[in-house]
Amino acid sequence: MPLGPPDASGRFGEFGGRFVPETLVPACEELEQAFRSAWADPSFRSELDALLRDYAGRPSPLTECERLSAELGVRVLLKREDLNHTGSHKINNVLGQALLARRMGKTRLVAETGAGQHGVATATAAALLGMACTVYMGEVDMQRQALNVFRMRLLGAEVVPAVSGSRTLKDAVNDAMRDWVATVETTHYCLGSVMGPHPYPWMVRELHRVIGDEARAQARQVLAGADPDVVTACVGGGSNAIGIFSGFVDTDAELVGVEPAGGAAVGRGVPGVVHGMKSYLLQDEWGQVLEAQSISAGLDYPGVGPEHSHLAAIGRARYEQVTDAEVIDAFQLLSRTEGIIPALEPAHALAWVSRDRGRLAGRTVLVNLSGRGDKDVAQMMDILG
């Protein structure tokens, strides 16, 4: 069955929901009603489709990796979200939310960002539509992603460091939500992943469904009408993964999400509530949220989108873990064999394919290459010397 909407309470099975202060309940309800109306409106869909085509550059191509495939003994196809405007899949969701915010009469966007790609995409959409923009980013992430901080400011956004807690993505989400509570009448919170209170996990998935729809049609052209054996993507919050999974969940393709070993919410977490949703979450025996650790700022998150928790619970998708060292090797491997420098986030999915090449031998694996590696080159220069 295709991925459908959550139930009336905003849940996918036992996961999801809307765990927010009373002051935010009307804002979430307003957003749900506005999205349902817009998503059913052909003129809204047409305007978004035109922007995705003429501004973002969709459809993104499917690339056959002949040299990498020969080295691994696995037929590897890449869905090239790295070729979108701003360099990642994030633009799909942000253009949709920015158009929705304008339709709702909002004049300002606020966002959180980890690796900076969602922040750049939000700042880009705000500039395009003439809206004010504030992006919250962990102080640690601002240091390791200085290029994206400059890009956001160049685009006219205010970038505010999150200085509490681990000073990474979790804390940026906290600060963005506090801003939204205080300014909700004029501000839309442009959340960057399939997480948070309902309707965000569902809305963001629908805005990224274009990845899976395109990839399914493209793969069937390449594979003479067949589907890939395996579809894989990195998972932090999980928007790029749910986007590509949505195109294959009703096929026989194996769905594999790949988490960082230091932040594996599905692999090592237990059900809990964070950022307005119930999902798998890294927490201690007293229920305190644990810090996630990852070489990639975009996956440095202690939770995961509730629909991923549901897919794991029902056995439709499985979630693997890779180490930072494996990611570094995969980052270099794709660069060397195909002339494509991946972001560290999708390098997690490539790392899993490389490590499991024996089990995957002779099969076709579709990898969602969710972002390009320009933002990570300085960090990798420090690591590799």
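When the stretch 276-316 is limited to residues that are hydrophobic (A, V, I, L, M, F, W, C) and part of a helix (DSSP H, G or I), the one that is most open to solvent (accessible area, probe 1.4 Å) turns out to be Ala313.
With respect to Val149, determine if the residue is without any contact (Cβ under 8 Å) to a residue 40 or more places away in the chain, within 18 Å of His89 (Cβ to Cβ) and aliphatic (A, V, I, L, M). Against the criterion (without any contact (Cβ under 8 Å) to a residue 40 or more places away in the chain, within 18 Å of His89 (Cβ to Cβ) and aliphatic (A, V, I, L, M)), Val149 does not qualify. Any residue at all in the stretch 16-29 that's crowded, with 19+ Cβ neighbours inside 10 Å, in contact with a helix residue (DSSP H, G or I) (Cβ under 8 Å, 6 or more places away or on another chain) and among the hydroxyl-bearing types (Ser, Thr, Tyr)? No: the stretch 16-29 contains no residue that is crowded, with 19+ Cβ neighbours inside 10 Å, in contact with a helix residue (DSSP H, G or I) (Cβ under 8 Å, 6 or more places away or on another chain) and among the hydroxyl-bearing types (Ser, Thr, Tyr). Given the structure, is Asp141 within 17 Å of the chain's Cα centre (by Cα) and among the acidic types (Asp, Glu)? For Asp141, the condition - within 17 Å of the chain's Cα centre (by Cα) and among the acidic types (Asp, Glu) - is met.
Could you go through the stretch 201-215 and let me know if any residue there is more than 30 Å from Ala27 (Cα to Cα) and surrounded by fewer than 24 Cβ atoms within 10 Å (Cβ to Cβ). Give the steps one after another, and end with the answer.
Step one: of the stretch 201-215, the residues more than 30 Å from Ala27 (Cα to Cα) are 213-215.
Retained after the next criterion (residues that are surrounded by fewer than 24 Cβ atoms within 10 Å (Cβ to Cβ)): 213-214.
Yes: one or more hits.
Being farther than 23 Å from Arg205 by Cα, surrounded by fewer than 18 Cβ atoms within 10 Å (Cβ to Cβ) and touching a residue at least 40 places away in the same chain (Cβ under 8 Å) is a description that applies to Arg357. With the structure loaded, tell me whether Glu338 is open to solvent by less than 20 Å² (accessible area, probe 1.4 Å) and at negative phi or whether it fails that test. So Glu338 does not fit the description; no.
A quick yes/no check of all residues on (1) part of a helix (DSSP H, G or I); (2) of a type in the set (A, V, I, L, M); (3) buried (at least 17 other Cβ atoms within 10 Å of the Cβ); (4) under 19 Å from the mean Cα position of the chain (by Cα):
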site: Ile91; (1), (2), (3), (4): yes, yes, yes, yes
site: Val94; (1), (2), (3), (4): yes, yes, yes, yes
site: Thr134; (1), (2), (3), (4): no, no, yes, no
site: Gly165; (1), (2), (3), (4): no, no, no, no
site: Ala172; (1), (2), (3), (4): yes, yes, yes, yes
site: Met177; (1), (2), (3), (4): yes, yes, yes, yes
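When you scan the stretch 114-128, do you find a residue that is on the phi < 0 side of the Ramachandran plot and surrounded by fewer than 24 Cβ atoms within 10 Å (Cβ to Cβ), even just one? Full working, then the answer.
Looking only at the stretch 114-128, we keep the residues that are on the phi < 0 side of the Ramachandran plot, and these are 114-115, 117-128.
Filter once more, keeping what is surrounded by fewer than 24 Cβ atoms within 10 Å (Cβ to Cβ): 127-128.
The answer is yes; a qualifying residue exists.
The values are calculated or read from the model by the stated rules, or taken from the named source; none is laboratory data. If you're wondering where the values come from, they're calculated on a predicted model, not measured in any experiment. As a convention, Cβ positions derive from the backbone with ideal geometry for all residues, glycine included, and neighbour counts pool all protein chains shown. Remember, those area values only see protein heavy atoms, side chains included, never the ligands or the DNA or RNA. Shrake-Rupley method; radii C 1.70, N 1.55, O 1.52, S 1.80 Å.
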